[in-house]
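Laboratory data are not the source of any read-out in this text; all were calculated from the coordinates shown. This one's a predicted model, so the numbers in the text were calculated from it and none came from an experiment. Please note: Cβ atoms are built from the backbone with ideal geometry, for glycine as well, and neighbour counts cover all protein chains shown.
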Amino acid sequence: MPAVAVHHMEGHLLAPMLEAEAPEFPFVALLVSGGHTLLVRVEGVGAYQLLGESVDDAAGEAFDKTAKLLGLPYPGGPELAKLAQQGNPERFHFPRPMTDRPGLDFSFSGLKTFALTTLRDSPQDDQTRADIARAFEDAVVDTLAIKCKRALEQTGLTRLVVAGGVGANRALRERLQVLLEQRGGRVYYPRPAFCTDNGAMIAYAGFRRLQAGQHEDLGIEARARWLLTDLPALVT
């Protein structure tokens with residue numbers, strides 16, 4: 001039986017193709033997870049142009065680290081989002097990193113430090129923790145939305161795909177929905193079960209490559225670094 005190597009980030013990018021209303025190419029994709037934060041122009045399967053990425057912590061990593069500071073259990077992202085719903089959005093204001101300069105790269109490590117400093121300088125009570133969670137989530141969501149808007153403007157595209165674990169965040173989905181409606185476009189997500197690492201997305205990406213005639217032997221090749229942009233484009 002033929003085999004094919006599949007990049008897990010490609011699996012995430014193509015996960016919305018598993019839905020009944022799949023996006024058409026080309027589109028801008030925001031891959032936002034515990035390990036990666038990327039903006040990619042997607043022309044087709046394997047045809048990827050990296051537009052921007054995190055220069056330090058990924059957004060999901062920053063969520064988990066900040067949740068730990070607030071004493072929340074792992075995985076912290078969903079727990080922080082739940083706590084943020086009880087927070088006062090007016091009490092604290094966190095910075096929006098790298099939005100005051102041009103470009104599409106991200107930086108989230110400073111937000112964790114800002115949360116730590118704010119926590120140390122504030123009363124140690126449940127409402128304060130909720131208010132810090134809300135300020136942190138607002139900052140991440142706002143930063144991601146600003147960069148997505150820039151990417152759509154830069155590419156002239158009107159379709160946005162959001163994939164990865166942080167893509168399940170309710171506040172992020174609401175913000176991006178409004179953004180795309182304002183621009184006359186549409187945002188696509190995989191169902192929540194397909195936002196985190198899963199076998200279905202890998203199987204689909206592999207199916208598309210096998211369908212196009214790509215295959216490899218069953219040997220194992222260790223790759224310390226496998227760039228998304230190094231993947232071969234499909235010729236269909």
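What the Cα atoms of segment 30-118 give is an Rg and a Dmax of 14.8, 45 Å. The label point for His93 and the one for Thr113, both projected 7 Å from the Cα toward the Cβ, are 2.1 nm apart. Between Gln124 and Phe25, the simple spin-label model (points 7 angstrom out along Cα→Cβ) gives 5.5 nm. Using the Cα coordinates of segment 117-160, the gyration tensor eigenvalues translate into equivalent-ellipsoid semi-axes of 34, 9, 4 Å, sorted from longest to shortest. Of the GluC sites (Glu not before Pro) found in segment 1-104, those that fall in a DSSP loop while having at most 12 other beta-carbon atoms within 10 Å are Glu21, Glu24, Glu90.
Computed extension length for Asp56-Arg101: 14.5 nm, one decimal, from 0.36 nm per residue of separation with the Cα-Cα distance subtracted. For Lys112, a cut-off of 23 angstrom between C-alpha atoms picks up these lysines, skipping any fewer than 8 places away in its own chain: Lys65, Lys68, Lys82, Lys147.
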